[in-house]
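Everything below concerns the one structure shown next.
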Amino acid sequence: MPPPNITGKLHIGHSLFLTIQDSLARYYRKSGYNTNWIAGLDHAGIATHEKIIERLPNSYSNDDYDLKANEIKNEHGSKITEQIKKMGASCDWNNLHYTLNDNFKTAAFEALKKLNEGNLIYEDSGNIYIKMKGMANKLLKNIKNNKFIINDITQLNKLIYTLENIEDWCISRQIRWGMEMPLYFKDNKMLISKNPESNYLHCGYTFDTWFTSSLYPLAILNWNTEDDSLYKEYYPTQIIETGYDILFPWCARMLMMCEFLTGEYPFKEIYLHGICRDKYGRKMSKSLGNGIDPLDIIEKYGTDALRFALINKSKGKDMKIDEEDFQNASKFINKIYQSFRFINMHLEKNNIEPLINENGDYKNKLNNLKEEFINAMEKRDFINISTKLQYSYKHDFCDKWIEENKKEIFAGNEEIIKHGLYILLYYMNIMHCFIPFISEYIYEHFGYDDINYKQYN
C-alpha cells in the first residue's frame with residue numbers, strides 16, 4: 001500500500017487505490033494464494049514537515065526532528081489508519097510500517113553502502129548522485145523482452161523514453177525533510193557509517209524521499225534484518241497498484257534499486273489507475289471546491305456503495321465521477337439487501353442448508369458467471385465484470401428468478417427457497433472482493449463464519 005501521510009485525511013484518490021488493492025487481495029486469498037498486503041504510514045509530506053517545524057525551537061538537532069515526527073505519527077497516525085479501515089482494507093494490520101522506522105533506515109544504509117562499493121555514487125557540487133545508466137539499461141531490456149506487465153501502453157512508452165534518456169539521480173537534499181543520510185566527510189574523504197570515527201563531519205543531507213521509497217518492498221519485508229522471514233516468504237512480490245503519475249519516480253526506481261540490491265525485481269506487474277475527476281473532467285482540488293470526501297460518501301451511502309462505484313469506473317484511465325455514481329451504487333446495495341430479506345423471511349430457521357438444482361439452468365449460469373469473473377480479475381477488467389455482476393444480480397436473479405418463483409416461495413416450497421439461498425450466497429461469494437460488508441453480513445446471518453464457503457478456484 002502506498003503509505004498515506006500521517007497527518008492527512010482520506011481523499012477520493014486514496015479510496016480508489018484502496019478499493020482496487022483490497023479487491024485484488026481478497027480475490028487472490030479466495031483463489032488459494034498466500035497473499036499478504038502490508039500497510040504503511042509516511043512522514044515525508046509538506047503537511048507533516050510544517051507541523052514538525054511548528055513544534056521545534058529555532059535551533060534543533062536531527063534527533064529533535066525525528067522525535068517530533070514520531071510524536072506526530074503517534075498522535076495522528078491512528079486517524080488515517082482508522083479511515084483506511086472504514087474502507088474495508090484487509091491488509092496486515094499487525095505489520096504496519098512507517099517510513100522513519102528502523103527497517104527503512106537499515107535498508108537505506110545497506111543500499112548506500114552497496115552503491116558505494118559498486119562505485120555508483122559520487123559527490124558533485126555539494127550533492128550526492130547515483131549513476132543510473134547501467135540499471136536503467138538493464139530494466140529497459142527486461143521491459144522490451146516483456147518481463148513486466150504494465151496495463152497502460154501510453155505510460156509504458158513514456159517510461160521507456162525516460163529510461164532511454166535517464167540522467168544521474170541526485171539523492172541528497174539539504175533540507176530537514178526526510179531521513180538523515182549516514183554520510184560523513186573528512187579531508188574530502190567520504191565515509192558511510194552508523195558510528196563514524198571522531199573528527200568526521202556529517203554531510204548535513206537527508207535522503208531524497210523517492211530514494212527511501214524505492215526501498216519500500218525491502219523495508220516492509222524486513223530485508224537484511226535478523227528476522228527476514230517475511231522477505232524469504234514473499235519476495236519477490238507479484239503486483240503493485242498505484243497512480244500513473246508516479247510510474248517512474250516510484251515504481252521504476254523500486255525496480256532498479258531492488259534488483260541491484262537483491263538480484264531480483266520486486267514485482268512482475270504494475271497496475272496503474274487514473275485520476276478521479278469531477279463530472280466535467282476537471283481535476284479535484286480545494287481551490288475549485290469540487291472534491292468528493294469519501295468519508296462523507298461512507299456516511300451517506302455506506303462503504304460498499306463507495307467501493308462499488310469506484311471499481312465500476314476503474315479502467316486504468318482518468319475517470320469522471322460525481323455523487324450520482326454513489327447514489328446508483330447505493331441503490332444496487334439496497335437491492336441486494338431487500339432480496340436477502342425476502343429469501344430470509346421464507347426460510348425454515350432450523351433447516352437453512354442451501355441447495356441447487358443440479359440440472360437447473362441457473363447452476364450453469366452461475367458457473368459461467370464465476371468463470372467470467374475469474375478471467376476478468378486476471379485481466380484487471382474491473383469495469384466490465386462489475387457491470388456484468390450488477391446486471392446479472394438485478395435482472396437474472398431479482399427481476400427474473402425471484403419473480404418467476406414468488407408463488408412457490410410464498411407457498412413455502414422448501415426446495416425453491418433453498419435454491420434461492422444458494423443463488424444469493426453464490427453471488428455474494430463472487431462479489432465479496434468488491435462489496436465485503438454486505439456479503440459478510442449475509443454470510444454471517446446464515447451461520448457461516450467464513451465467506452470462503454465457495455472458493456473462486
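The values are calculated or read from the model by the stated rules, or taken from the named source; none is laboratory data. All of these numbers come straight from a predicted model, not from anything done at the bench. Cβ coordinates were reconstructed from backbone atoms using ideal geometry, including for glycine residues, and neighbour counts include every protein chain displayed.
For the reader, a short list of remarks on this structure follows.
- Close pairs from segment 165-193: first within 14 Å of Tyr129 (Cβ to Cβ), partner surrounded by 19 or more Cβ atoms within 10 Å (Cβ to Cβ) and among the charged types (D, E, K, R), Cβ under 8 Å, at least 6 apart: Trp169/Asp208; Trp169/Arg253; Cys170/Asp208; Ile171/Asp208; Ser172/Asp208; Arg173/Asp208
- Among the residues of this structure, Phe342 does not count as one that is modelled with pLDDT of 90 or more and either outside any helix (DSSP H, G or I) or not assigned by TED's automatic domain parsing to the domain that holds Leu310 (or both).
- Hits in segment 214-238 - residues which are surrounded by 24 or more Cβ atoms within 10 Å (Cβ to Cβ) and out of contact with any helix residue (DSSP H, G or I) (no Cβ under 6 Å at 6 or more places or on another chain): Tyr216, Ile220
- Between Glu324, Glu269, the distinction of being surrounded by fewer than 19 Cβ atoms within 10 Å (Cβ to Cβ) and closer than 25 Å to Ala25 by Cα belongs to Glu269 only.
- When Asp152 is tested against (1) of a type in the set (Asp, Glu); (2) more than 30 Å from Asp304 (Cβ to Cβ); (3) touching a Lys or Arg at 6+ places or on another chain (Cβ under 9 Å), exactly one condition is not met: (2).
- Single condition Lys400 does not satisfy, out of (1) more than 27 Å from the chain's Cα centre (by Cα); (2) part of a loop (DSSP other than H, G, I, E, B); (3) basic (Lys, Arg): (2)
- Output for segment 83-107, where each listed residue is closer than 30 Å to Ser193 by Cα and either assigned to a strand (DSSP E or B) or touching a strand residue (DSSP E or B) at 6+ places or on another chain (Cβ under 8 Å) (or both): Asn95, Leu96, His97, Tyr98, Thr99, Asn103, Phe104
- Yes/no for Glu353 being part of a helix (DSSP H, G or I), assigned by TED's automatic domain parsing to the domain that holds Asn334 and not small (Gly, Ala, Ser): no
- If you filter segment 21-51 down to residues that are aliphatic (A, V, I, L, M) and farther than 20 Å from Asn429 by Cβ, you find that the one that is modelled with the highest pLDDT is Ile38.
- Test for Phe373: is it outside any helix (DSSP H, G or I), closer than 22 Å to Thr19 by Cα, at pLDDT 95 or above and under 21 Å from the mean Cα position of the chain (by Cα): no
- One residue alone among Ile130, Ile143 is at pLDDT 90 or above, of a type in the set (Val, Ile, Thr) and out of contact with any strand residue (DSSP E or B) (no Cβ under 7 Å at 6 or more places or on another chain), and that residue is Ile143.
- Residues of segment 268-284 satisfying the condition of being without any contact (Cβ under 8 Å) to a residue 60 or more places away in the chain and under 22 Å from Tyr33 (Cβ atoms): none
- Segment 207-254: number of residues that are touching a strand residue (DSSP E or B) at 6+ places or on another chain (Cβ under 6 Å), in the same structural domain as Ile150 (by TED's automatic domain parsing) and not β-branched (Val, Ile, Thr): 1
- Test: residue in segment 148-167 that is surrounded by 18 or more Cβ atoms within 10 Å (Cβ to Cβ) and under 22 Å from Glu180 (Cα atoms): no
Rundown of residues vs (1) under 30 Å from Ala111 (Cβ atoms); (2) at pLDDT 95 or above; (3) among the hydroxyl-bearing types (Ser, Thr, Tyr), yes/no style:
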residue	(1), (2), (3)
Glu259	yes, yes, no
Phe267	yes, no, no
Arg277	no, no, no
Arg282	no, no, no
Lys286	no, no, no
Pro294	no, no, no
